[in-house]
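Heads up, the thing below is written out as structure tokens.
Just so it is clear, none of the values below were taken in a lab; they were calculated from the coordinates. Being a predicted model, the structure only gives us computed values, none of them experimental. Every residue, glycine among them, receives a Cβ derived from its backbone with ideal geometry; neighbour counts consider all protein chains shown.
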Amino acid sequence: MMLKHLLAPRSLLLGAAVLAALAAAPVQAAWEPTRPVTLLIPAGTGGGADQMARFIDGIVKKHNLMKQNLIVVNKAGGAGAEGFLDIKSTPRDPHKIIITLSNLFTTPLATGTPFNWKDLTPVAMLALDQFVLWVNAEAPYKTAQDYLNAVKGGSDRQFKMGGTGSKQEDQIITVALERLTGGKKFTYVPFAGGGAVAVQLVGKHVDSTVNNPIEAVAQWRAGALRPLCLFDGKRSIYTAKVTSDMAWSDIPTCKESGVNVEYQMLRGIFAAGGITKDQTDFYVDLLTKVMQTPDWRTFMEQGAFNQTIMTGAEYRKWVEGAEKLHYDLMKEADFLAKTN
Amino acid sequence: MGGFAVVLNPFNLLLMLIGILLGVIIGVLPGLGGANGVAILLPLTFTMPPTSAIIMLSCIYWGALFGGAITSILFNIPGEPWSVATTFDGHPMAKQGRADEALTAAFTSSFVGALVAVILITFLAPLVAKFALKFGPPEFFAVQFLTFASFIGMGRGSPFKTLASMCLGFALASVGLDTVTGQLRMTFGTAELLTGFKFLTAVIGLFGIGEILASMESGLAFAGTQAKLNMKAVLQTWKKLPQYWATSLRSCLIGCWMGITPGGATPASFMSYGLAKRFSKRGDNFGKGEIEGVIAPETAAHAAGTSALLPMITLGIPGSPTAAVLLGGLLIWGLQPGPLLFIEQKDFVWGLIASMYLGNIAGLVIVLTCVPLFAAILRVPFSAIAPAIMVICAVGAYTINNAMFDVWMMGMFGIIGYVFNKLSYPLPPLVLALVLGDMAESSFRQSMLMSQGDLSIFWANGLVGTIFGLGMILLFWPVIQWVISKALTAKPA
Amino acid sequence: MSEHENSSAGPRLVSNRTMDIVVALVLLAVAAVVIVDSLRLGAGWRPIEGPAAGYFPFYIGLLLTISSVVTLVRAFLDRAGGEKTFVTKPAFRLVLAVLVPLVVYIVVLGFIGIYVASAIYIALFMWYFGKYPILRGATIGVAVSVALFLMFEVWFLVPLPKGPFEEFLGY
């Protein structure tokens, strides 16, 4: 399609290098699924995790990567708690995997659901999803600093930030931004889904959002939204023009614009707790094959994902760090569940 | 239009046929929703050109919309959420031996509703998209209030029982995670209650199981289900339909509006049913097998279901779960839904629109030919069909969340349905509260966050004020009617 | 929908009035649960945020209490309601005959899977109520289960509860 020939050579090379390194790792899976594998989505249909899971399903089927079928099931209840409790309830079942997002950490912390990622076996990090600070294209703010100055200069809670869900990633970023607004708070308005949030911003019902790129890109291209900054340590690697004059790589990082906030969201795969090394290896191998397909690279570019791929001990370590980070952020924001 | 040329080749026509048949199956079984079908078939469509694939998928969407009415009318089990209102009059009609008439009316109204919505999409897409942008939380709340106001006050019998039934619905709707604060409500530490009570579980139990228990008591039979098995009924029903043009037109408008905003097909069908009852000369007869009570919700549900595709195409926001999965499909094919799709992917968009016209016509022809076949199902003896219905209900309840808990809840709702029916607690207010409760509460509280607790946000602009005004008028309609009739009778004297 | 007159004659089991009282009491209990939990969550109107998480449920609970109390009082005062029959003994026996197997079916399907349970349920129902030969019922039961299996597990890939039998077949 259109985006395929927009793919920048640089990103292709980089992606290929990472994948080649992965593929070279010895992954001769001795184990194979003997029945259909269930892929759980701890989120509703149509969201970012759902899109990615169904995309993986599509690639597996299209390229015939697995003999057994992959069955995609949404278990979104209780901000994903339903899905996590489901996979926790069947330890050592090698035919169940789950795609995760930040609610892997935020849901148990905010609701007190008896669940921790250590109940599961980490398989692979597929990518990190970015967050961008967006305002309506008709708003006068050209940089993140402009906007935060306006918040600082306005009255408390005058500016409305739209986001997905409550006490989850969008609100965590909002609280982090509030450290830089001289005591002025945002009014955080929670909505049910990311697409709806972007449209609320186009309709000027809120002043800003921290949508993922894929949720807002269509409105950006249509000239309805303006990205102010990217919540990442370095700029995006995608240099192909998305609008007539800007590429993802043209969006400054928030740090560059003097707003020192970084946040990225895990898009990874976990399996049930206590499965064997062979079984884990099978899924690592399968996902590696998925990530080698051109379809996957197109998808990554479309959503301006940060293509950080990790498996094994490295991944486990990253998850540990991320859990600590979420605990600290949520403690600071007073989002932790009250344990009587 | 080049769109039709794209669609009209044998391969695509075959796909349309398969799509509609699959869709009807999905619509008939309460365990499979349109979203399921589309999601599951999406991967299979990667090997086709995107235009062919989207044609097939939109035909599944059509089939599911048509199919939902079948089980509602025949067995009082809504196959899809938006066909709940169809059971109110459709099933009584089937019990009177008029299943074929009810099915024909349902299918034909669906067709009309969808056709009007497609015409709207064809000619007014950009304009309508702008209108949808005007809807923020206060406007959503106003729409939900309007839906409620148009439906309420319709019960016979004790107003306190109506109130109790409605409150029970609202209470059940509030169980689970509160989206605004992220707090857990009324879950009492149980994992099962995290997801709350699902509308479909309740409906399958209240209507489907409740109906079987009631039939059981009255001696193992669906009363008077001797259906005629020929196509004559179709033509006879068609002769009757034109006199209900006003209901159709009103329902089309409601449906299109609710689909675009996006309020959803389910509220649209309830609102349309409520208004039809208000404005019909035979309003008192609603709920006892009135054909208008089938026309109104079916027309609106289809108009809404179809126009829900519009915000998806033009804004990238899905108006329904099915549309959400279709949206995922577009992304996978590398098509980016949004304001630019109409400009950059003309072929695709016009192919889609053309397939909507043709798919709708093909769907109508297919389902109408099957009317005698569907009606014939009622001739199967009760003792053979009842256990199969129970099994299908159980499957349906399970698949909503893939949880046994929902099957248990279905059983419980079955008993509630049976007891409530006998004590004349009306069920529709309970169901409506369950479907709207959560949404209405979220939009109200989102509005309050935005206005910092200032209620004046609900009349802050013309749009929200007008919708609220309409809602108020409808809520107090009986009083207004009374005042008007007083005034009229007073003058001549 | 609400007008199901009892066709089956027979001695009365319970009157409408008694059932009205029972249902009103159950609804009062539900209302109490709702109100208690709403108070835990906070049922007030917060200054800048608007209603708290328990605000709406609290008033819903209150309304439910009021309407149930009215129904309760009416039922107590209404002597005539005591005449009306809610359900007769033979009719209730028929309802139980459906309800009890349904409950058993639901319990059992959690253990042996929905397909086997459904086949058995359909076969027994047809044999007991329809007086069909057991073989005929069993055939139809198995046919329905196989059709469901093909539809859900094979074509639409929607997993339903499965038991040892399906496990044995490799699903």
| message | Give the average, rounded to an integer, of partner chain Cβ atoms located within 10 angstrom of each Cβ in B:418-427. | response | 5
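Quick check on the exposure proxy: order B:Cys393, A:Cys229 from fewest to most C-beta atoms within 10 angstrom. Please list the in-between numbers first.
On the way: B:Cys393 27, A:Cys229 24.
With the fewest neighbours first, B:Cys393, A:Cys229 line up as A:Cys229, B:Cys393.
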| query | With no solvent and one point per C-alpha, what does the Debye sum give as log10 I(q)/I(0) for region C:113-168 at q = 0.15, 0.21, 0.22 Å⁻¹? | reply | -0.44, -0.74, -0.78
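Can you give the helix-only mean residue ellipticity at 222 nm for chain C, where every DSSP H stretch with n ≥ 4 adds -39500 (n - 2.57) and the sum goes over all residues, rounded to the nearest 500 deg cm²/dmol? The partial results should precede the final answer.
On the way: 6 runs with 110 residues, N = 171.
-22000 deg cm²/dmol, from helical runs alone.
Tell me the net charge near A:Lys317. Cut-off is 12 Å between Cβ atoms, A:Lys317 excluded, with +1 for each Lys or Arg and -1 for each Asp or Glu.
Net of charged neighbours comes to -1.
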| task | Using every pair of alpha-carbon atoms in region C:62-171, split the distances into 10 Å bins beginning at 0 and state the percent of pairs per bin, rounded to integers. | result | 12, 28, 22, 14, 17, 7, 0
| request: State, to one decimal in nm, how far the label point of B:Ile343 lies from the label point of C:Arg12, with both points 7 Å from Cα in the Cβ direction. | output: 7.5 nm
| Which order do A:Asp170, A:Asp285 fall in if you start with the one that has the fewest other Cβ atoms within 10 Å? | A:Asp285, A:Asp170
| field | Along principal axes, Cα extents of chain A, largest first, whole Å | value | 62, 57, 30
| remark: Averaged over all viewing directions, the convex hull of the alpha carbons in chain B casts a projected area in nm² of 25.1 nm²
| query | Given 0.36 nm per residue, what is the gain on full extension from C:Lys131 to C:Lys84 after removing their alpha carbon distance, in nm? | reply | 13.6 nm
| query | Once Rh is set to the Kirkwood radius over Cα pairs, what Stokes-Einstein translational diffusion coefficient, in µm²/s, holds for region A:217-280 at a temperature of 20 °C and a viscosity of 1.002 mPa s? | reply | 149 µm²/s
| field | Approximate spin-label separation C:Ala97-A:Thr239, in nm, with each point projected 7 Å along Cα-to-Cβ | value | 8.1 nm
| message | Just to be sure I understand: of the beta bridges DSSP finds with both ends in the protein assembly as shown, what percent are antiparallel, rounded to 5? | response | 65 percent
| said: Using all alpha carbons of region C:12-88, what is the percent of pairwise distances in each 10 Å bin, ordered from the shortest bin to the longest? | reply: 20, 34, 23, 15, 7, 1
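Which trypsin sites (Lys or Arg not before Pro) from region A:52-88 combine a DSSP loop assignment with at most 15 other Cβ atoms within 10 Å?
Details: sites: A:Arg54, A:Lys61, A:Lys62, A:Lys67, A:Lys75, A:Lys88; in loops: A:Lys67, A:Lys75.
Those that pass, being in a loop and sparsely packed, are A:Lys67.
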| message | Counting only other residues whose beta carbon sits under 15 Å from that of B:Tyr398, what net charge do I get with K and R as +1, D and E as -1? | response | -3
| Highest-first arrangement of C:89-101, A:113-125, where packing means the average Cβ count within 10 Å | A:113-125, C:89-101
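Helix check for chain A. Which DSSP H runs span at least 18 Å along their own axis by Cα, with a mean Kyte-Doolittle hydropathy no less than 1.0?
Numbers: long enough: A:9-24 (22 Å, 1.67); A:48-62 (21 Å, -0.14); A:277-292 (22 Å, -0.46); A:312-332 (30 Å, -1.14).
In chain A, the long hydrophobic H runs are A:9-24.
Mind checking the full-extension length gain between A:Glu332 and A:Lys67? Use 0.36 nm per residue of separation minus the Cα-Cα distance, one decimal, nm. Please list the in-between numbers first.
Details: separation 265, 0.36 × 265 = 95.40 nm, distance 4.74 nm.
Here the answer is 90.7 nm.
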| Spin-label zone in region B:466-489 - amide nitrogen under 17 Å from a point set 7 Å from the Cα of B:Leu253 along the C-beta vector | B:466-475
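Once you order the gyration tensor axes a ≥ b ≥ c over the Cα atoms, which shape class does region C:77-128 get: rounded for a/c under 1.5, otherwise prolate or oblate by comparing a/b with b/c?
Here region C:77-128 falls in the prolate category.
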| note | A student asked for the Cα radius of gyration and Dmax of the protein assembly as shown in angstrom ought to give 28.1, 99
| message | Test of understanding: ordering B:His302, A:His63, A:His205 by Cβ neighbours within 10 Å, fewest first, what list do you get? | response | A:His63, A:His205, B:His302
| Diffusion constant of region B:81-217 at 25 °C, which comes from Stokes-Einstein with the Kirkwood Cα-pair radius and 0.890 mPa s, µm²/s | 129 µm²/s
| Rounded tilt (10° steps) of C:55-77 against the dominant C-alpha axis of chain C | 90 degrees
| note | Nearest-0.05 FRET efficiency for A:Leu325 and B:Leu235 at R0 = 60 Å, using Cβ-Cβ distance, is 0.30
| Degrees separating the helix C:16-41 axis from the principal Cα axis of chain C, which is the longest one | 80 degrees
| remark: Counting other chain Cβ atoms within 10 Å of each Cβ in B:479-490 and taking the mean gives 0
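Within chain B, what's the longest run with no chymotrypsin sites (Phe, Trp or Tyr not before Pro) in a DSSP loop and at most 16 other beta-carbon atoms within 10 Å? Give the range, please. Before the final figure, lay out each step's value.
On the way: sites that count: B:Phe188, B:Phe476.
Longest run free of exposed loop sites: B:189-475.
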| message | Below 8 Å between Cα atoms, with a sequence gap of 6+, how large is the relative contact order for chain A in percent? | response | 27 percent
| Is there a simple number for the mean count of other chain Cβ atoms within 10 Å of the Cβ of residues in C:146-153, and what is it? | 3
| query | Under a plain spin-label model, where a point goes 7 Å from the Cα along Cα-to-Cβ, how far apart in nm are B:Asn9 and B:Ala246? | reply | 5.0 nm
| task | Kindly state, to the nearest 0.05, the FRET efficiency for A:Ala313 paired with B:Phe405, given R0 = 22 Å and r defined as their beta-carbon distance. | result | 0.05
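Within the set of other residues whose C-beta is less than 12 Å from the C-beta of B:Ser383, count the net charge using Lys and Arg as +1 and Asp and Glu as -1.
Working: positive: C:Lys131, C:Arg136; negative: none.
Summing Lys and Arg as +1 and Asp and Glu as -1 gives +2.
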| remark: Debye calc, one equal point scatterer per Cα of region A:31-169, no solvent, log10 I(q)/I(0) at q = 0.18, 0.20 1/Å comes to -1.05, -1.21
